[in-house]
Amino acid sequence: MREFAESEIVVPDGPFEGRRFSCDRQPYSRLWFDAVASSHWRRFVATGPTQSGKSLTCFVIPTLYHLFEIGETVICGLPSADMATDKWNEDLLPAIARSRYRDLLPRSGAGSKGGTSNLTRVVFGNGATLRFMSGGGGDKSRAGFTGRVLVVTETDGLDESGGGSREADKLTQLEGRTRAYGDRALLYAECTVSLENGRTWQEYNRGTQSRIAIRCPHCVKYVTPEREHLAGWQDAEDIVVAGEKTAFVCPECGQLWSEEDRRTANANCVLVHRNQIVGDDGVARGETPRTNTLGFRWTATNNMLVKSAVIGQDEWRASRAGNEENAEREMRQFVWALPHKAATVDLTTLDHNAIIRRVDKELPKGNCPPDAAVITVGVDVGKWLCHWTAIAWRPNASPHVLEYGRLDVPSKDMAEERAILTALRGFREMVSMGWPLGTEKKTPSLVLVDSRYQKSAVFAFCDESGTPFFSSQGYGTTQRHADKFVRRSRDQCIGIGEEYQIVKRPGGKLVEVNSDHWKSWIHARLQTPAGQPGAFTLFRGESEAEHLSFAKHLTAEKKVEEFEAGRGTITRWHMLSRNNHFLDSTSLACVAGHVAGVRMIGQEAQIPPTAAQPTNEPSSSGDWLTGYKGRW
């Protein structure tokens, strides 16, 4: 592709308009084309500063290469149908018109002079077709057409499902048009980054996270200067002085670079992937990330079309702008290829791919760890399905998921209340059998059943079942009818624990839970390194993918800080997906573990395995569970 670009492409606009494309002007482009030619990846996601040749290098050239050099159909993905005409007239057509392939342009119809209204496809003289597909409209607008090559521009405009769509996000739907070609399918995508959860930044981080290392002319070390290595502009008294004083600083030796130094450094550039380092010999060392996506990023450091002085002046102006937040966003996104840090701060950094690797390889499904003291279970009740999680508690409140599953609720065949009661009764029979611990079976000390949905059925089940089944109700900010957890006075409660309380209800007892607190508790355990006290582990499945759905449920909500006018910074949970039921059932299992006495180091000692089982009647001392006296 590099040879094609340098021999066939004439720059259509800008300071080098009319001159043949050359990688020497923007050395990052050489690394891009070399990576594309390496055959290590089949998905190529690029981001860089605006006005650095991003669209030409990563959108126009790949499109024309496959249309004319290879002679095959190309699908062009766009956020909206309106963009097709603009991209054709402003980016693609000028490049084709200046190449030797201009004779292949259609003489009439779409793509010809005057034939760009409602542009959907262009058929060239060599038989290749350029098919425009957008993220707008119904899902059917992206179906019914296949091709091996998909080239996407403005990727972040395609990272959500269409309005009313029951299918995947728009980019995934577009990529589905290439699925028939299997591992021969290719994706090229370019975009200016938007937010940290935008598709471009997510693809970059899930891919190789490649960066560009350049060689300092002074210490000859390979370094990757970022925004903090641009110096001189900060204390300038005016914008002119800011430009005069600005220079990049070598992160290794601290020497200031002249503009010629910067150019020399970029001429000696090396592509470095995630967890790799570059030796003095210019060779990247370390394992290449196991992914089919090249995440390629360059910054203002590598944009040789803009001098350091101009970058420094832009920084000086942004730091003094009236709308400082807006100016900062523009500098991050348009100059440094970094996502905007929104007013909402994500307080959790969980990824479902990391969770599915938290497996104890010594423990298959349903087997208790030999050091397990207590088993607890949580059940989330729904109209069609009940989700449940069983946890065996190891020392230091380390939860090990023994098993989890779904109960079918026969609501089609009977009234909902009776259907739920029927499903829970079947579950009770299963739970009463216990789980293997050595040569014996261990039954749960406590099972908490959520009563928010059809509470009369849940109450009836818990009342007829007795210990260890107790009804519960969660209060949190992400529920459909969000109710804040209200702490009751001690004389209103049978028992009080860590962000939960036990109250009387007609015929029995109810455990009221601060759901937000216990979701945070789970997420903290999921971020605890394996082998450390409190680390969350999963049973060994048939494959790593077995836990994928469960892990996605656990990450279906995230804790964020948001700034609200008049209230300041507040913390709440955001629902990312409605498939959060295992998060709810696992939370209840963890609450049950605390009720049963499991504690971290330095807290109250755990109940020994031989502790008396609780009953469903309060003791004469007023405790709600016999055997747990004094634990409130």
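The values are calculated or read from the model by the stated rules, or taken from the named source; none is laboratory data. Note that this is a predicted model, so its numbers are computed, not measured. Cβ: placed from backbone, ideal geometry, glycine included. Neighbour counts: every protein chain shown. Accessible surface is based on the protein model in full, side chains and every heavy atom, while ligands, DNA and RNA are left aside. Shrake-Rupley method; radii C 1.70, N 1.55, O 1.52, S 1.80 Å.
What to note about this one:
Table: residues versus (1) out of contact with any strand residue (DSSP E or B) (no Cβ under 8 Å at 6 or more places or on another chain); (2) open to solvent by less than 10 Å² (accessible area, probe 1.4 Å); (3) at pLDDT 95 or above.
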site: THR301; (1), (2), (3): no, yes, yes
site: LYS307; (1), (2), (3): yes, no, yes
site: VAL310; (1), (2), (3): yes, no, yes
site: GLU315; (1), (2), (3): no, yes, yes
site: ASN353; (1), (2), (3): yes, no, no
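- Pair list, Cβ under 8 Å, 6 or more apart: segment 510-524 residue farther than 16 Å from GLY534 by Cα and in contact (Cβ under 8 Å) with a residue 24 or more places away in the chain, other residue in a helix (DSSP H, G or I) and of a type outside the set (A, V, I, L, M): VAL513/SER587; SER515/ASP584; SER515/SER587
- Under the condition of being touching a His at 6+ places or on another chain (Cβ under 9 Å) and at pLDDT 80 or above, the residues counted in segment 551-579 number 11.
- Scope segment 259-292; condition in a loop (DSSP other than H, G, I, E, B) and in contact with a Pro (Cβ under 9 Å, 6 or more places away or on another chain); matching residues: ASN268, HIS273, ARG274, ASN275, GLN276
- Test: VAL374 is touching a Cys at 6+ places or on another chain (Cβ under 8 Å), touching a residue at least 60 places away in the same chain (Cβ under 8 Å) and open to solvent by less than 10 Å² (accessible area, probe 1.4 Å): no
Listed here are the residues, each with its yes/no results for (1) open to solvent by 20 Å² or more (accessible area, probe 1.4 Å); (2) touching a residue at least 40 places away in the same chain (Cβ under 8 Å); (3) in a strand (DSSP E or B).
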{"site": "GLY405", "(1), (2), (3)": "no, no, yes"}
{"site": "ALA419", "(1), (2), (3)": "no, no, no"}
{"site": "PRO436", "(1), (2), (3)": "yes, yes, yes"}
{"site": "VAL449", "(1), (2), (3)": "no, yes, yes"}
{"site": "GLU464", "(1), (2), (3)": "yes, no, no"}
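- Scanning segment 67-91 for residues that are more than 25 Å from GLY198 (Cα to Cα) and crowded, with 24+ Cβ neighbours inside 10 Å gives a single hit, LEU67.
- 1 or more residues without any contact (Cβ under 8 Å) to a residue 24 or more places away in the chain and out of contact with any Ser or Thr (no Cβ under 6 Å at 6 or more places or on another chain): qualifying helices (runs of 4 or more DSSP H) within segment 1-65: 2-8
- Test: residue in segment 174-193 that is open to solvent by 50 Å² or more (accessible area, probe 1.4 Å) and under 23 Å from ASN326 (Cα atoms): no
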